[in-house]
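Undergrad: I'd like to ask you about the structure that follows.
Computed from the coordinates by the stated procedures, all read-outs in this text should not be read as laboratory data. Keep in mind that this is a model prediction, so the values were computed, not measured. When we count neighbours, we look across all protein chains shown, and the Cβ atoms used for this are built from the backbone with ideal geometry, even at glycine.
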Amino acid sequence: MKQILVFAAYFHPHVGGYEKIVYELSRRLVQKGYEVDIVTCNTERTLACEELDGLHVYRLPCWNALNSLYPIPKPSPTSFRILRSLLRQNYDIVHTHTRFFVTAFLGFLFAKFKRIPLVHTEHGARHSIVPNKLIDFISRAYDHTLGALVVKSARRNIGVSQAACWFLKHLGTAHVQVIYNGIDTNIFKREKTNYRQKLGISNEALVITFVGRLIYAKGVQDLISAFSKIKDTAPELKLLIVGDGPYRADLENLAQQTDCASDILFLGQKSQDEVIDVLSVTDIFVNPSYSEGLGISSLEAASIGLPIIATDVGGTSEIITTHETGILVKAGDVGQLAEELCRLGANIELRKKLGENARRLAEQKFNWDKIVQEYIELYTGLAEK
């Protein structure tokens with residue numbers, strides 16, 4: 001059994017944790033001798049077909065709905081041509097990612113038509129977080145209809161955390177196991193860098209960093225508010241916000257309304273090497289998200305050896321244990337976040353201890369070699385039935 005067809009709503013060159021995990025898993029399977037084809041949405045209006053690191057990538061024309069948060073494949077000649085050519089192939093497994101994307105439903109239909117096993121990986125641990133009540137209602141309705149159909153039809157459902165497994169059971173399936181997201185600790189490690197000087201930040205400044213997509217559900221607005229509350233607790237504080245997205249303008253406006261706007265730096269989207277540079281000059285990493293399956297940015301920060309403050313949502317508590325590998329706070333509680341930032345900022349020994357423990361956990365629990373082997377055993381077992 002060697003051929004896997006993956007359906008994922010986002011993929012390279014779109015940037016985010018979801019597509020990073022799909023890419024890393026897929027390319028490692030290729031290294032193990034598998035042939036992996038990926039069907040995704042052409043969110044960036046790039047090549048419809050491409051070979052990337054041994055992967056065959058097929059991008060369907062799409063609408064970027066909900067302020068570019070939700071890609072919907074278009075019924076077009078290109079889409080029909082791609083899907084028709086894939087139907088001629090003899091795949092052993094169809095693998096879908098995240099139930100609420102239309103691509104997961106397409107994968108379900110493909111597996112059903114071809115009568116081959118469907119594997120589904122769930123990257124979320126709750127219904128989507130959106131501020132619009134109508135969209136929230138539609139999202140939940142989709143989860144419990146078409147989304148539930150996907151997970152109930154899968155021969156095996158994978159949760160990227162125990163929390164994601166619980167959510168899969170909430171949607172009505174019993175065929176669930178956890179396989180964590182991975183991190184390459186050989187790449188994500190602290191480097192010597194002059195990035196502070198490049199940003200004009202002194203060596204004495206306490207640097208707080210967020211890395212991720214700038215959308216409402218990531219809770220960066222809470223981090224900005226908390227940062228403004230603690231601006232006088234240290235001689236010099238800097239907040240680095242790495243990433244881009246549809247909520248960036250709102251966040252920049254919020255930052256301008258504080259009296260510490262000059263200390264809040266929006267760095268935009270960065271390459272992996274640049275992210276490592278930023279994390280290497282960071283003192284405290286913060287993930288204030290309202291929802292996570294298993295936060296990739298938190299895994300990256302842990303691998304660098306940073307003390308982490310994160311909201312206790314989804315699978316975050318499977319990475320962070322308070323006062324052991326980081327500090328958990330309640331989602332949306334700006335006061336508690338400010339309090340923990342102040343406390344951790346004043347305690348360099350605690351920061352060192354949490355960072356060392358986080359690095360050790362990343363090496364032991366979230367190793368890509370172990371994770372890929374778990375997927376291979378799963379695929380092999382399904383193929384033999």
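Undergrad: Can you give the Rg/Rh ratio of region 91-190, where Rg is from the C-alpha atoms and Rh is the Kirkwood radius?
TA: Numbers: Rg = 14.6 Å, Rh = 14.2 Å.
Using Cα coordinates only, the ratio equals 1.03.
Undergrad: Here's a follow-up. About the Cα centre of the chain, how large is the charge dipole given +1 on each Lys and Arg Cβ and -1 on each Asp and Glu Cβ? Please answer in debye to the nearest 20.
TA: Here the size comes out at about 1380 debye.
Undergrad: Would you give the gap between the C-alpha center of region 367-385 and the C-alpha center of region 115-129, rounded to a whole Å?
TA: 17 Å
Undergrad: Shape call for region 309-368 from the C-alpha gyration tensor, a ≥ b ≥ c root eigenvalues: rounded (a/c under 1.5), prolate (a/b greater than b/c) or oblate?
TA: It is oblate, given that a/c is not under 1.5 and a/b is not larger than b/c.
Undergrad: Please say if region 191-274 is rounded, prolate or oblate, where rounded means a/c under 1.5 for a ≥ b ≥ c the square roots of the C-alpha gyration tensor eigenvalues, and otherwise the choice is prolate for a/b larger than b/c and oblate otherwise? Each step should come with its number before you reach the end.
TA: Values: a/c = 2.07, a/b = 1.11, b/c = 1.87.
Oblate, because a/c is 1.5 or more while a/b does not exceed b/c.
Undergrad: Using each residue's phi in region 142-147, evaluate 6.51 cos²θ - 1.76 cosθ + 1.60 at θ = phi - 60° and report the 3J(HN,Hα) Karplus result to the nearest Hz, with x for Gly and Pro.
TA: So the J values, rounded to whole Hz, are 4, 4, 8, 10, 5, x.
Undergrad: A further question follows. Using amide H atoms built 1.01 Å from N in the peptide plane, name the residues 5+ places from Leu60, or on other chains, whose amide H lies under 5 Å from its own.
TA: Thr40, Cys41, Asn42
Undergrad: Can you give the extra length, in nm with one decimal, that the chain gains between Thr145 and Trp166 once fully stretched, where that is 0.36 nm per residue apart less the Cα-Cα distance?
TA: Working: separation 21, 0.36 × 21 = 7.56 nm, distance 1.76 nm.
The span from Thr145 to Trp166 would gain 5.8 nm if fully extended.
Undergrad: How many angstrom lie between the Cα centre of region 71-88 and the Cα centre of region 194-213?
TA: 45 Å
Undergrad: Among 249-256, 288-295, 90-97, 177-184, how do they line up by average Cβ neighbours within 10 Å per residue, starting with the highest?
TA: Details: 249-256: 15.1, 288-295: 25.1, 90-97: 22.8, 177-184: 20.6.
The densest-packed peptide leads the list: 288-295, 90-97, 177-184, 249-256.
Undergrad: Place the peptides 43-55, 354-366, 198-210 in order of packing, highest mean first, counting for every residue the other Cβ atoms within 10 Å and averaging per peptide. Before the final figure, lay out each step's value.
TA: Working: 43-55: 13.8, 354-366: 19.5, 198-210: 16.6.
Highest mean packing first, the order is 354-366, 198-210, 43-55.
Undergrad: Have a look at Ile296, Val211, Ala261 and report the one farthest towards the positive end of the charge dipole of region 197-299, computed about the Cα centre with Cβ charges (Lys/Arg +1, Asp/Glu -1).
TA: Of the candidates, Ile296 comes out farthest on the positive side.
Undergrad: Right, something else. Taking every alpha carbon pair in region 154-234, what does the distance histogram look like in 10 angstrom bins from 0, in percent?
TA: Each 10 Å bin holds this share of Cα pairs: 13, 23, 31, 20, 12, 2.
Undergrad: Write down the radius of gyration of region 12-85 and its Dmax, each obtained from C-alpha positions, in Å.
TA: Cα radius of gyration and Dmax of region 12-85 are 12.8, 39 Å respectively.
Undergrad: What is the dipole size for region 195-365, taken about its Cα centre, with +1 at each Lys and Arg Cβ and -1 at each Asp and Glu Cβ, in debye to the nearest 20? Walk me through the intermediate numbers first.
TA: On the way: 17 positive and 24 negative charges, 37 e Å.
Charge dipole, region 195-365, about its Cα centre: 180 debye, nearest 20.
Undergrad: Taking every alpha carbon pair in region 195-365, what does the distance histogram look like in 5 angstrom bins from 0, in percent?
TA: All Cα pairs, binned at 5 Å, distribute as 1, 9, 20, 24, 24, 15, 6, 1, 0 percent.
Undergrad: Hey, which of these cross-link pairs are over 23 Å Cα-Cα: Lys218/Lys352; Lys270/Lys353; Lys112/Lys152; Lys74/Lys112; Lys152/Lys370; Lys198/Lys238? Present the calculation step by step, with values, prior to reporting the outcome.
TA: Numbers: Lys218/Lys352 26 Å; Lys270/Lys353 28 Å; Lys112/Lys152 12 Å; Lys74/Lys112 21 Å; Lys152/Lys370 27 Å; Lys198/Lys238 14 Å.
The pairs that break the limit, which is 23 Å between Cα atoms, are Lys218/Lys352; Lys270/Lys353; Lys152/Lys370.
Undergrad: Give me the percent relative contact order of region 243-385, please, defined on Cα pairs under 8 angstrom at least 6 residues apart. Please list the in-between numbers first.
TA: Values: 169 pairs, mean separation 27.9, N = 143.
So the answer I get is 20 percent.
Undergrad: What Rg and what Dmax come out for the chain when only alpha-carbon atoms are used, in angstroms?
TA: 20.9, 65
Undergrad: Further, regarding this structure: Set Lys and Arg Cβ to +1 and Asp and Glu Cβ to -1, take the dipole of the chain about its Cα centre, and tell me which of Asn67, Ala9, Leu237 lies farthest positive.
TA: Going by the charge dipole, the pick is Ala9.
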